[in-house]
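The next block holds one structure in the form of structure tokens; read it before the comments.
The values are calculated or read from the model by the stated rules, or taken from the named source; none is laboratory data. Bear in mind the structure is a predicted one, so any value in this text is a computation, not a measurement. Cβ placement follows ideal geometry from the backbone for every residue including glycine, while neighbour counts extend to all protein chains displayed. In case anyone asks, the SASA skips ligands and DNA or RNA and just uses the protein heavy atoms, side chains included. Shrake-Rupley method; radii C 1.70, N 1.55, O 1.52, S 1.80 Å.
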Amino acid sequence: MHELIIIGAGPAGLTAGIYAQRAKIKTLLLEKLAPGGQVALTDVVENYPGFPEIEGQELIRRFEEHARKFGLKIKVGREVTKVESEDGVKKVYSGEEIYESLSLIIATGAQPRKLGVRGEDEFIGRGVSYCATCDGFFYRDKIVCVVGGGDTAITEALYLSKIASKVYVIHRRDKLRATKILQEKAMEKENIEFIWNSTVEEIRGEEKVDSVVLRNIKEGSKRELQVDGVFIYVGMRPNTEFIDVEKDENGFIITDENLETSEKGIFAAGDCRKKTLRQISTAIGDGALAVHSVESYLESLKK
Ligand code: NAP
């Protein structure tokens, strides 16, 4: 029986792992794929204190190394499909295995949301992508568009502008949601062009993507834009389907100020929980606080 099982090895989960090891809590971390989460898919991180510029993969490699240095047990390739509570014991189902623990930290993060338009599913891997750092390479000197106006869309548009000949940013309003410094950088790039007040209605092509159909939502007009690739960044969907605790209308887990969920002994940390700012730095704060709360919870069980 473990005292703590952490689910997810992104910044929140690995930080929780470091703190739990140092608190001498008998801990196991389960990860669906490999450590990293969204950060591992990020080209450069510029807002993590102490590292004005560091590759996402390098940062996460250091987190993992740090956690392993304190002896954290990490099992990779273990997707959790169900969690059950029985007399205070949490049963965590993954494939054929059932792991038992007195407490849990859910740190499963979030994944890109789909746009939900015609052609999107059909052309995934043939021009439609949700990861510029994974697929950008295929668009050297080609024309691509990025859909969305948040931090992710603009970060990825900047990355793509170094590879593609032209990057259109298609945004449904006339103001970006992204942080100001990213906006300024993107505005300065000669090969980034903004298409405002517009949505993508359809993605077209034969063997691969050839164009997108745009609708100007102010004027109601439509036009076709020739592109070789479509990178979609219209927000995140939390990876929380497997756990039955209270969530908001978008599936983000609701916690109290100690990061406890509606189920005693189950805590949530990082992007998978309902919060106002999703950053590496806030995920790390969550990881540390969640372990602090787990310690109090484990103490309360002994009384
Ligand atoms: P986000 O902040 O929710 O932005 C989503 C963008 O997509 C918004 O501009 C939104 O438009 C647009 N959008 C949503 N639904 C749409 C639709 N159906 N059609 C067209 N456009 C649509 O998501 P995100 O950019 O993925 O960021 C997620 C979180 O990670 C945020 O908290 C962000 O700050 C954080 N993050 C931070 C960094 C960084 O600090 N460098 C990097 C990446 C992500 P509206 O603006 O009109 O709502």
Query raised in the report: Taking every eigenvalue of the Cα gyration tensor of the chain, multiplying by 5 and rooting it, what semi-axes result, largest first, whole Å?
Result: 39, 19, 17
**Report entry** Leading residue at positive end of dipole, the stretch 149-303 (Cβ point charges), from Ala268, Ile254, Ala157
**Finding:** Ala157
Query raised in the report: Going down the list Lys185/Lys247; Lys69/Lys189; Lys90/Lys274; Lys75/Lys166; Lys69/Lys114; Lys24/Lys91, which pairs span over 31 Å between their C-alpha atoms?
Result: Lys185/Lys247; Lys69/Lys189; Lys75/Lys166; Lys69/Lys114
Query raised in the report: Can you give the calculated 222 nm mean residue ellipticity of the chain, where each DSSP H run of n ≥ 4 adds -39,500 (n - 2.57) and the sum is split over every residue, rounded to the nearest 500 deg cm²/dmol?
Result: -7500 deg cm²/dmol
Query raised in the report: Just for the stretch 114-232, what percent of DSSP beta bridges are antiparallel, to the closest 5?
Result: 40
Query - Whole-number accessible area per residue in Å² for the stretch 114-232, which is evaluated in the context of all protein chains at 1.4 Å - result: 53
Query raised in the report: Tell me, what % of the accessible area of the stretch 114-232 is carbon and sulfur with a 1.4 angstrom probe?
Result: 46
Report summary line: Extension length gain for Lys142 and Ile254 (0.36 nm per residue less Cα distance), in nm, is 36.1 nm
Query raised in the report: How about the stretch 229-303: which GluC sites (Glu not before Pro) there are in a DSSP loop, with at most 10 other Cβ atoms within 10 Å of their Cβ?
Result: Glu249, Glu257
**Report entry** Kyte-Doolittle mean at least -0.5, axial Cα span of 30 Å or more - DSSP H helices of the chain
**Finding:** 280-302
Query raised in the report: Name the chymotrypsin sites (Phe, Trp or Tyr not before Pro) in the stretch 156-217 that are in a loop by DSSP and that have at most 16 other C-beta atoms within 10 Å, would you?
Result: Trp196
Report summary line: Scoring only Lys, Arg, Asp and Glu (+1, +1, -1, -1) among other residues with Cβ under 12 Å from the Cβ of Glu55 yields -2
Report summary line: Rounded to whole angstrom, the alpha-carbon centroid of the stretch 143-182 lies from that of the stretch 226-300 at a distance of 26
Report summary line: Plugging the Cβ-Cβ distance of Leu33 and Ser85 into 1/(1 + (r/R0)^6) at R0 = 35 Å yields, to the nearest 0.05, a FRET efficiency of 0.85
Report task. Select from the stretch 1-78 those GluC sites (Glu not before Pro) which occupy a DSSP coil region and have at most 10 other Cβ atoms within 10 Å, ordered by residue number. Result -> Glu53
Requested in this report: Grab the other residues whose beta carbon is less than 10 angstrom from that of Lys222, score K and R as +1, D and E as -1, and report the net.
Outcome: -2
Query - Local electrostatic count, Val128, Cβ distance below 9 Å [Lys/Arg +1, Asp/Glu -1] - result: -2
Query raised in the report: Lys82: which aspartates and glutamates have alpha carbons under 13 Å from its alpha carbon, excluding same-chain residues fewer than 8 sequence positions away?
Result: Glu96, Glu97, Glu100, Glu241, Asp244
